[in-house]
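J.: Before I ask anything, here is the structure I am working with.
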């Protein structure tokens with residue numbers, strides 16, 4: 001942990017109101033933290049996190065400094081989650097579907113074809129289900145901020161054939177993140193999922209280790225996956241978002257007023273990033289078409305029926321437990 005504070009200084013700072021924080025020289029940060037993500041530096045997530053870091057430094061009078069390490073600079077998702085837990089990284093934005101390797105219920109937002117639109121996503125994840133998941137994350141020594149960051153509805157891309165219905169996925173070699181939920185869902189469709197970290201996706205597609213992958217349109221464009229793919233099927237098969245996670249020991253080393261500043265500014269940037277992604281979604285499809293991707297409409301009800309017939313929903317209801325599943329269905333309607 002990179003702390004340069006003394007107990008007496010902390011005790012005095014903890015008693016000071018938010019508006020009474022004195023400005024300190026830029027070089028005198030008491031609390032220096034690392035914030036990591038897996039998004040390219042130009043992605044709204046990275047841009048808004050850098051803005052949050054700047055505001056936090058200003059609002060804390062220079063007492064809190066956060067350095068951003070985007071684009072897997074500090075390792076793969078699984079590597080960085082391990083570093084977060086050990087305190088080598090202090091803050092990390094991670095998909096709930098990958099976090100599920102530590103907190104099983106964290107992947108529940110990714111249940112196939114659960115969310116029909118963004119209104120349903122945010123009312124669910126800012127509401128009772130999100131509160132429940134944050135509680136489970138807290139039991140593992142981490143703190144999750146109140147507002148999730150948007151990664152978007154995920155679409156399937158392919159270099160070999162268009163995917164229009166579940167049968168088109170049979171035997172299809174598709175890259176998926178390292179998460180049991182992704183593997184389970186695509187196996188239910190008869191595909192051949194291959195678990196690969198995002199920083200290796202482009203090369204896996206380029207060398208034909210995988211025929212296709214699935215990601216939000218904005219990331220398909222930013223990561224230039226259109227260079228190694230031909231088709232994009234508009235499945236919107238799952239919604240994926242990032243939890244802003246903090247190492248509990250690092251976060252709670254700060255006095256309460258500084259904790260409040262950090263949390264407020266990170267949550268503010270999460271809302272800003274949601275708006276950015278919404279705007280990107282309005283324009284990125286047209287941009288991808290000009291770059292050569294062919295868009296394919298799909299039979300969404302057929303995919304959901306295939307998951308029911310494969311007992312995918314019944315299986316995951318058992319894994320998440322009745323309480324979590326009831327919160328999900330209470331927000332999105334019956335699935336199983």
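J.: Among 129, 68, rank each residue by its count of other Cβ atoms within 10 Å, from fewest to most, as a rough exposure measure.
T.: Listing 129, 68 from fewest to most nearby Cβ atoms yields 68, 129.
J.: What FRET efficiency comes out for residue 278 versus residue 165 if R0 is 41 angstrom and r is the Cβ-Cβ distance? Round to the nearest 0.05. All intermediate terms of the calculation are to be shown ahead of the outcome.
T.: Numbers: r = 29 Å, r/R0 = 0.70.
With a Förster radius of 41 Å, E is 0.90.
J.: Taking Cα centroids, how far is the stretch 21-99 from the stretch 280-294 in Å?
T.: Answer, in whole Å: 31.
J.: Further question: Can you compute the helix-only [θ] at 222 nm over the chain? Use -39500 (n - 2.57) per DSSP H run of at least 4 residues, normalise by all residues, nearest 500 deg cm²/dmol.
T.: -13000 deg cm²/dmol, from helical runs alone.
J.: Compute the angle between helix 77-86 and the longest alpha-carbon principal axis of the chain, please, reported from 0 to 90 degrees and rounded to the nearest 10.
T.: The angle comes out near 30 degrees.
J.: Now, a different point. Quick one: helix 128-138 against the long Cα principal axis of the chain, what's the angle to the nearest 10°, folded into 0 to 90?
T.: 60
J.: Given R₀ = 30 Å, what would the calculated FRET efficiency be for residue 116 paired with residue 54, taking r from the Cβ atoms and rounding to 0.05? Before the final figure, lay out each step's value.
T.: Working: r = 36 Å, r/R0 = 1.22.
So the FRET efficiency works out to roughly 0.25.
J.: Could you list 145, 185 in order of exposure, starting from the residue whose Cβ has the fewest other Cβ atoms within 10 Å?
T.: Numbers: 145 22, 185 25.
The order, fewest Cβ neighbours first, is 145, 185.
J.: Candidates [x] 19.7; [y] 20.8; [z] 22.5; which is the computed Kirkwood radius over Cα pairs in Å?
T.: Label [y] holds the value from this structure.
J.: Stretch residue 314-residue 249 to full length: gain in nm at 0.36 nm per residue minus the Cα-Cα span?
T.: Numbers: separation 65, 0.36 × 65 = 23.40 nm, distance 3.76 nm.
Gain on extension, residue 314 to residue 249, equals 19.6 nm.
J.: A further question on this structure: Can you give me the angle between helix 322-332 and the longest principal axis of the chain, using Cα atoms only, in degrees from 0 to 90, rounded to the nearest 10?
T.: 80
J.: Given a cut-off of under 8 Å on Cα pairs at least six residues apart, what relative contact order in percent is computed for the stretch 86-161?
T.: 20
J.: Another question, if that's okay. Distance in nm between label sites at residue 300 and residue 207, each 7 Å beyond Cα in the beta-carbon direction?
T.: Taking the two extended label points, one gets 3.7 nm.
J.: Based on the Cβ-Cβ distance of residue 78 and residue 192, what FRET efficiency does E = 1/(1 + (r/R0)^6) give at R0 = 30 Å, to the nearest 0.05?
T.: On the way: r = 21 Å, r/R0 = 0.71.
My answer for the efficiency is 0.90.
J.: Still on this structure, I have one more. Please order 224, 319 by the number of other Cβ within 10 Å, starting at the fewest.
T.: Taking fewest neighbouring Cβ atoms as first place, the list is 224, 319.
J.: Please state the relative contact order of the stretch 196-311 as a whole percent: Cα pairs under 8 Å, 6+ residues apart? Each step should come with its number before you reach the end.
T.: On the way: 51 pairs, mean separation 49.3, N = 116.
Across the stretch 196-311, relative contact order equals 42 percent.
J.: Could I have the simple spin-label model distance between residue 200 and residue 67, label points 7 Å from Cα toward Cβ, reported in nm to one decimal?
T.: 2.8
J.: If you don't mind, another one. Find the relative contact order for the chain and round it to a whole percent, using C-alpha pairs within less than 8 Å whose residues are 6+ positions apart.
T.: On the way: 596 pairs, mean separation 79.4, N = 336.
The normalised contact order for the chain reaches 24 percent.
Any read-out appearing in this document is the output of simple, stated calculations on the displayed coordinates, not a laboratory observation. Note that the structure is a prediction, hence the values are computed from the model and not measured. Here Cβ is always computed from backbone atoms with ideal geometry, including for glycine, and neighbour counts include all displayed protein chains.
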